[in-house]
Amino acid sequence: DGGITQSPKYLFRKEGQNVTLSCEQNLNHDAMYWYRQDPGQGLRLIYYSQIVNDFQKGDIAEGYSVSREKKESFPLTVTSAQKNPTAFYLCASSTGALYGYTFGSGTRLTVV
Amino acid sequence: LAKTTQPISMDSYEGQEVNITCSHNNIATNDYITWYQQFPSQGPRFIIQGYKTKVTNEVASLFIPADRKSSTLSLPRVSLSDTAVYYCLVGNTGRRALTFGSGTRLQVQP
């Protein structure tokens, strides 16, 4: 089955550490996205990529970095510069149409 | 960019019809109206999309008046499993990425 896979489901980070969240899709979608969701809030765009080897900052990119070396993969690194990283992180891929967004099941990151 | 406004929360009972209205006064001519549903600890999923008048699928109906400044998502005979957050989005394929507001939190009671 085609889909989008995020791992791990739960992640714990010590303060001052960098962590990388994985996102893989086999839908042959060109575009991929990372969103952050805080409790009771909507989704906020961190980074997005419309083609391989190219990505753009979203609304809250500070403290995060991404790469897009393969069409299928769009990993997100939460750096130590991100002061409040505890959140639910969602990865999505898209055909480009508004109805064409497919989301992963998310990674819940907690700073301990 | 068209800003959307929708109620923060709504309550309903099983078997009732639920209507969630979204205001988008600055909608552009080439914008579509799209609704997504999100269950706790999951990513949003597409429900329905429309441009004008009425659209219906197996899950919901979407009503859009002639001026397109608002839209109403209608969920017929809701069940407990419809408890979720519903997001109204306005845009077109030229947009860089979807922008999600806070959505409407629907709570269905038995």
**Prompt:** Tally time: how many residues in region B:16-37 are over 22 Å from B:Thr93 (Cα atoms) and open to solvent by less than 50 Å² (accessible area, probe 1.4 Å)?
**Reply:** 2
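In region A:4-25, is there at least one residue being out of contact with any strand residue (DSSP E or B) (no Cβ under 8 Å at 6 or more places or on another chain) and closer than 27 Å to A:Tyr99 by Cβ?
No.
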**Asked** Just wondering, is there one or more residues in region B:90-103 that are among the aliphatic types (A, V, I, L, M), in contact with a Leu (Cβ under 7 Å, 6 or more places away or on another chain), assigned to a strand (DSSP E or B) and touching a residue at least 24 places away in the same chain (Cβ under 8 Å)?
**Response** no
**Prompt:** Within the group A:Ile51, A:Ile60, which residue is at pLDDT below 95, more than 26 Å from B:Ile48 (Cα to Cα) and within 14 Å of chain B (Cβ to nearest Cβ)?
**Reply:** A:Ile51
**Message:** Take the residues in region B:71-110 that are within 13 Å of chain A (Cβ to nearest Cβ) and β-branched (Val, Ile, Thr); name whichever of them is most open to solvent (accessible area, probe 1.4 Å).
**Reply:** B:Thr93
**Prompt:** Restricting region B:59-70 to residues that are at pLDDT 95 or above and either touching an Asp or Glu at 6+ places or on another chain (Cβ under 7 Å) or farther than 18 Å from B:Ile27 by Cα (or both), which is surrounded by the fewest Cβ atoms within 10 Å (Cβ to Cβ)?
**Reply:** B:Ser61
**Request:** Name the residue, out of A:Leu21, A:Leu27, A:Leu43, that is free of Cβ contacts under 8 Å to residues at least 60 places away in the same chain, within 14 Å of chain B (Cβ to nearest Cβ) and under 24 Å from B:Gln38 (Cβ atoms).
**Result:** A:Leu43
**Enumeration of residues in region A:63-99 that are open to solvent by less than 10 Å² (accessible area, probe 1.4 Å) and either within 8 Å of chain B (Cβ to nearest Cβ) or out of contact with any Lys or Arg (no Cβ under 8 Å at 6 or more places or on another chain) (or both)** = A:Arg68, A:Leu76, A:Leu90, A:Cys91, A:Ala92, A:Ser93, A:Ser94
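The values are calculated or read from the model by the stated rules, or taken from the named source; none is laboratory data. For clarity, every value in this text was computed on a predicted model and none was experimentally measured. Neighbour counts are summed over all protein chains in view; Cβ atoms, including those assigned to glycine, are modelled from backbone coordinates with ideal geometry. Accessible surface is based on the protein model in full, side chains and every heavy atom, while ligands, DNA and RNA are left aside. Shrake-Rupley method; radii C 1.70, N 1.55, O 1.52, S 1.80 Å.
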